[in-house]
Structure formats: structure tokens, C-alpha cells
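Asks: The structure is given below, and queries will be raised subsequently.
The values are calculated or read from the model by the stated rules, or taken from the named source; none is laboratory data. The model shown is predicted, which means the values in this text are computed figures rather than measured ones. Virtual Cβ from ideal backbone geometry, glycine too; neighbours counted across all protein chains shown.
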Amino acid sequence: MSAPPLNASEIRSIKRLIDQQLRSKDIYSQIRSILSQHLDSESESVNVNSEEHVLNVMRERGVLQQLVESLHQRDMSSSGAKTGSPTATGGIGNGTPTRLQQLLHLKIVKGKAFLEFDAIGARQKFCVCVQYGKQRFQTQWLDCHVEPTIDEDMLLVLNDLSDANSAQKIAANVAELLQRSDDKIHIIVIKEDEDGQRDYIGGTHLEWRKVLKTGLLGMSVELGSSEMTVPRGILELRLELLPRPKVGLSESEIQNQFNIERSRRTKAEREFYLYSKQWFEEYRQIRPSHKNRVVKIYAECEAGGMKPVTSFVYPLRADRLIDSPSEAARFVSLISYERNESTVENAKEIWWETHTFLSKKKGDFENHAILLCSLLLGFGMDAYVCVGTDQKAGRLWVMTRSPDGEITFWESVTGARYKLGSSKSIKYQSIGCVFNHESFFANIQRTDDVTDCQYDLENERHWKSMSRMKLSLVPKSSHIALAPSSVDCVELSSRVENELKEQIMTFRRDLGLTSAFDTEMSYMLSPAIFAYEQQRLLGGTAAVKQPLDDFNDCIKNKVTEGHTFKAFPLQITNTNSRRIMSTITKNKICMDILKTQGDMVRFGLRVRAFSYPDDIVALWVMFSVRYQEIVQ
């Protein structure tokens, strides 16, 4: 995610600091010299009055680099004077010590050839999402155009440098950066319509290490998609290393390293493919019925290729953003479900990367199951993604095993949990295989019925395992980090509530009915909403008994004898009032409340938002009505 916006005081401090450095290092004189030389130039091939051209000249002459280094040195001396430490201060006004960092300045200049945007125009917006390891960034939402101007800058931290003045340290760091074969930058473009519905346009994994040659690189990247063989669009980028190495790597060094990595990757992929092919043939020969079981070793990724399923899962620690496995299940269940299939012929399911899934804010069973399994692994649980069937079709869910062998199934789309052997009905029918980031087991028991199977995965008579050594050959997905919520729940709740009130009054006005809202009764709905969210979060009813008892007492005190009270809650996963009202009008109980007729009809309406990481929101809408029936 982008850093939070600076306030006016912080911006003034930054401007003052830069001005001091420009004067102390005589950089102003260098800028004036550059402007004077190029304004006097007679060349007509270059737009010398362009801000972009001047900045390029300043960058080429090292003026910007000199400014950056002087700011770092100032931070270091300031920190050393205050704390006696040689480390620099990271950020303005936060006082957090950090080392000088090797940065990659990524500038997204503009887009080209977004042909599908031609028909969309300003009715929809788009943004560019960038992930580098646990660092995530997002541009502003922009109008959809065929050739949009983006002009956004991002600073990616590549390494910490202990000594800002050591050229040897920087040179050694550049050589080390070349060895990062898995550190590609994931760039995707997402569009959003007027109702807040998001869709994936295209993406790419950017090989940024070519910038190690000179420290400065301009390039165009094509955004691919599994649905189309032609690019969905092109992004023009500029990359710059900060601080810039005085001596970069040669093109032959970089290309030799790429060739070595390509050879290793191809060899590892082929070795695992041949192993998995033989392993699967052995599995099918164990029993004829195995040919009909759901055993999935490879899945199609968003780029169009096939990847082993184990590469999608990894232990994901949410730091301080998610505090328990139950909260992890609640968070994942709030991400909208959508059947993700290619729109072309011979459609196949697409397994999105976690970064794309979170950016789209919607996905299929497999996306939910992979994210939930990764989060549970992060908490240290013995968790696996299960591949099988339910009453309708193929299905993925999550299984955990306790130390004493108790089996729990987690429905990632709803957040529900089922303990094997409990009285609660389990919706899954068959199970073909289970896997996580380091294990893969296929069911070889006589039955694949979920309730009749044994889940002693280490028992070779019940489960056929893949070699962990062979699975280690599979390239792993980049470990992402969840982003803190930026949602203002109070503002969001108030805005949606006011918008819904207007729409309800319009709805009843069209029926020839008046509407009156009782503010006090609306407020009294809050304990019930709190209880419902806690019930979804923790499961069961014991933890929410007291809040519901409080709610009942409040309502009994409010509703006088001879009056009727009705209420109904809805949990919504979007924040668009038009879509919410559409959901309301499709609910029979809600419509019964909204069409209430009688004497002294008073409505209650309470909207309450609960925020989770990545701006995922549980929005509760609760309606109530109090009225006196008219005896005909």
C-alpha cells in the first residue's frame, strides 16, 4: 500500500529541509547552469522547456543523486547527535531509527494500448497495484483511457546499507542484488465500475535487475492475461537505483546470470514434471476407482501457465492485523465469492495470486481456501487445502489437525467450521487429495467419502505422499503482507445509513406511504449488530448471549404495550448503497418491514461497519419497525 498522506506541517518540514540542502551544497547553482545551457540550445529535436527533460538532465549529471545522499547524511548526523547512533531516521516526524536503504525508484509514466478502455471511458476507473515481497503500492484511481497518463512514483526497499559513504558496500550490494532470482515485481491493473465491482485487466512479473547495469532504465512492459494471447495493455516505466552505484554491472554479467537461472529453473521444472507424472501413474494403478478421484497437482495461474498447487500456499503471518485463526477465517469469508473462469472457449479455472485476489477483493473457492490455509499455517496450525467434491461439483476447503488427531474442516467462503464426527452436518462428499506448502497427499483408501476416511496422512496405507525433496524443487510464490485497513468505519457507517434512509423514503413514497425514523430506536439496534458480528467472528452463541440479552431489555423498555416490533439484520460485503438496496428489495422479511402499514409507524435503521485488513469490510444493516396495528 502507499504510505499515508503527509499533513501540512510535515510537508513544510520536508520543503524546508530540501531548501537547506540545496543551498548548502550549492545545488541551486548547478540547476541554474543546466537551465541556462539548455534554454540557450538551438536544438529543435528536444523540448527544452519540458519539466521532464530538465529532470532527466539533472538525473544524468548526478544532481538528484547528490541531493538524496546529502539528505541521508543529514538524517544520519541528526540521529547521531540525538542518540549517539550512526543510524538514520526513517520517515519525517516518526523518530524511528532505520539504516540507510538501497531503494528502487519505480515511476509508472503512462499506459498505452488499453483498447478495452475505449468503450468504457470515464464511467469506470482503474488503478495499478504493485507488489515487491511484503511491500505493496497502489496508484490513485484514474479514468479509463486507451492511453492514460499515470505519472506515479514508488520507492521499493531493496536492501539496508550500513554505511552510506562506502562505495565498496554499494558495489557489493549491487552484486548481491543480481542473485535475487525470485524477487520479481508483480504489477497488475484493476478496473472498478460505478458500483464498486472490480475486475482484473492484466499483469506481469517485472524483471527489474536490468537496472543494475547503469542504475537507470526506461522500459515498456506488456500486461498479459490467461484469457488472451495478445497484451491487454502496455505500461511505460522508469527504474532508478538510489543511491546510484558509481560502477554498475556489465550487460554480459547480467545476461549470464539470467541464463544460469533459466537453465536451473527449466531443469527443476522438468524434473518435478517427470516425477509427478510417474507418481500419478502409480497412484492411478493402485485401484481402478482412482481414475475418477479429484487429485490436482497443477493449476492454471493468471499468467496462463501451469504451476504446482503447492506453490500457491505458504505460511502467512498477519503481524498485528489478525489476532486469531477465527479472525482469519472471518476475514477471508468477507472477500466476495465469484466463480472465476476464463471467458474463452475450453474455459479453465484460474488460480489467482494472493496479491491479485486481495486487489480484486473477490475470487473462487480455491482463492479463499489458499489464503485461509496460508493464514492458519502462519499461526502454526497443521493446515491443508482439501480438494474434493460437495453435493454439486468440485470443491476446495481447508482442514486442520490438532495434536491429538482431531479433524476440523473450515469452509473458507463462509467462515463456518465443522468438526469431523460432530452432529453438525458436513456439506462435503468426497476428498481426493490434500496439500500445503511442503506436503502433498492423495487419498488411496477404499472410500473417498469425507466422513468415512481416516486422516492419518503419514499412514502409507491410507495416503500416498509426494517426496518433500521433489516438492522443494517447486518455485514458491512471493510472500505477501496484508495491508492495514484505511477505512473510517464511523464515516462509512454514517454515510451508508443516510443514503439508505433516503432510498427507503423514496421506496415507500412510491407506494403512497410516509416514513418516520426513530433515532433512539435506531441506536438501540447497536448491541444486536455487535452480537451478530461477534457470533460470526467467534462461532457459537455462548459468547453473544449477554449482548443479545441487553438488546432485548432495551427493546422491551422502548416498545409499549399494544405495539408490534419487528427487526431483521443483513450482513453485506459491499459498501455501495444502491447495491445494498437492491439486496434489501430481494429479501422477503426486509420487504415485509419496509411495507409496514398501521398507526404510529416508526422505523429504526442502523448501519455498522467492521473493518479488516486490506479494506475488507463487514457491513451490517439492521431494520426495525414499531407500530400499532389497525383492527379492520
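Asks: Restricting region 280-294 to residues that are surrounded by fewer than 18 Cβ atoms within 10 Å (Cβ to Cβ) and of a type outside the set (D, E, K, R), which is nearest to T389 (Cα to Cα)?
Replies: N292
Asks: Could you list, in sequence order, the residues of region 500-514 that are surrounded by fewer than 17 Cβ atoms within 10 Å (Cβ to Cβ) and either without any contact (Cβ under 8 Å) to a residue 60 or more places away in the chain or touching a strand residue (DSSP E or B) at 6+ places or on another chain (Cβ under 9 Å) (or both)?
Replies: Once the filter is applied, which keeps residues that are surrounded by fewer than 17 Cβ atoms within 10 Å (Cβ to Cβ) and either without any contact (Cβ under 8 Å) to a residue 60 or more places away in the chain or touching a strand residue (DSSP E or B) at 6+ places or on another chain (Cβ under 9 Å) (or both), region 500-514 yields E502, M505, T506, R509, D510, G512, L513, T514.
Asks: Scan region 471-491 and give yes if some residue there is outside any loop (DSSP other than H, G, I, E, B) and over 28 Å from T583 (Cβ atoms), otherwise no.
Replies: Yes, region 471-491 contains at least one residue that is outside any loop (DSSP other than H, G, I, E, B) and over 28 Å from T583 (Cβ atoms).
Asks: Please work out which one of (1) in contact (Cβ under 8 Å) with a residue 60 or more places away in the chain; (2) surrounded by fewer than 21 Cβ atoms within 10 Å (Cβ to Cβ); (3) among the β-branched types (V, I, T) is the condition T408 fails and give its number.
Replies: Status for T408: all satisfied but (1).
Asks: Going by the conditions given, is K419 surrounded by fewer than 16 Cβ atoms within 10 Å (Cβ to Cβ), closer than 30 Å to E261 by Cα and not assigned by TED's automatic domain parsing to the domain that holds L537?
Replies: Considered against the rule, which asks whether it is surrounded by fewer than 16 Cβ atoms within 10 Å (Cβ to Cβ), closer than 30 Å to E261 by Cα and not assigned by TED's automatic domain parsing to the domain that holds L537, K419 comes out as no.
Asks: Among the numbered criteria (1) part of a helix (DSSP H, G or I); (2) of a type outside the set (V, I, T); (3) surrounded by 15 or more Cβ atoms within 10 Å (Cβ to Cβ); (4) touching a residue at least 24 places away in the same chain (Cβ under 8 Å), which single criterion is violated by R606?
Replies: (1)
Residues checked against (1) at pLDDT below 95; (2) closer than 19 Å to M154 by Cα; (3) of a type in the set (S, T, N, Q); (4) over 22 Å from the mean Cα position of the chain (by Cα):
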residue: R198; (1), (2), (3), (4): yes, no, no, no
residue: I201; (1), (2), (3), (4): yes, no, no, no
residue: L206; (1), (2), (3), (4): no, yes, no, no
residue: K213; (1), (2), (3), (4): yes, no, no, yes
residue: G218; (1), (2), (3), (4): no, yes, no, yes
residue: G233; (1), (2), (3), (4): yes, no, no, no
residue: L241; (1), (2), (3), (4): yes, yes, no, yes
residue: P245; (1), (2), (3), (4): yes, no, no, yes
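Asks: Something else about it: Restricting to helices (runs of 4 or more DSSP H) lying wholly in region 313-403: which have 3 or more residues that are hydroxyl-bearing (S, T, Y) and assigned by TED's automatic domain parsing to the domain that holds K427?
Replies: Filter on region 313-403 gives 354-360.
Asks: Being touching a residue at least 12 places away in the same chain (Cβ under 8 Å) and touching a Cys at 6+ places or on another chain (Cβ under 6 Å) is true for just one of S311, S359, S336. Which residue is that?
Replies: S359
Asks: Within the bounds of region 531-554, is there any residue that is within 14 Å of S493 (Cα to Cα) and either at pLDDT below 95 or among the aromatic types (F, W, Y) (or both)?
Replies: No - not one qualifying residue is present in region 531-554.
Asks: Now, a different point. Can you pull out every residue in region 460-470 that is surrounded by 13 or more Cβ atoms within 10 Å (Cβ to Cβ), without any contact (Cβ under 8 Å) to a residue 60 or more places away in the chain and in a loop (DSSP other than H, G, I, E, B)?
Replies: H462
Asks: Could you list all residues from region 528-558 that are in a helix (DSSP H, G or I) and either touching a Leu at 6+ places or on another chain (Cβ under 6 Å) or within 20 Å of V413 (Cα to Cα) (or both)?
Replies: A531, Y532, E533, Q534, Q535, R536, L537, L538
Asks: So, one more: Give I426, I444, I480 a once-over and let me know the one that is out of contact with any Cys (no Cβ under 9 Å at 6 or more places or on another chain), assigned by TED's automatic domain parsing to the domain that holds Q391, among the aliphatic types (A, V, I, L, M) and modelled with pLDDT under 95.
Replies: Sole residue among the options that is out of contact with any Cys (no Cβ under 9 Å at 6 or more places or on another chain), assigned by TED's automatic domain parsing to the domain that holds Q391, among the aliphatic types (A, V, I, L, M) and modelled with pLDDT under 95: I426.
Asks: Based on this model, can you work out whether Y532 counts as under 27 Å from the mean Cα position of the chain (by Cα) and either at negative phi or among the acidic types (D, E) (or both)?
Replies: yes
Asks: Here is a check on your reading of the model: is P547 in the same structural domain as I504 (by TED's automatic domain parsing), closer than 30 Å to F357 by Cβ and surrounded by 13 or more Cβ atoms within 10 Å (Cβ to Cβ)?
Replies: no
Asks: What number of residues within region 274-309 are under 21 Å from K476 (Cα atoms) and within 30 Å of the chain's Cα centre (by Cα)?
Replies: So the count comes out to 15.
Asks: Looking only at region 377-401, count every residue that is surrounded by fewer than 16 Cβ atoms within 10 Å (Cβ to Cβ) and more than 18 Å from W463 (Cα to Cα) and tell me the total.
Replies: 5
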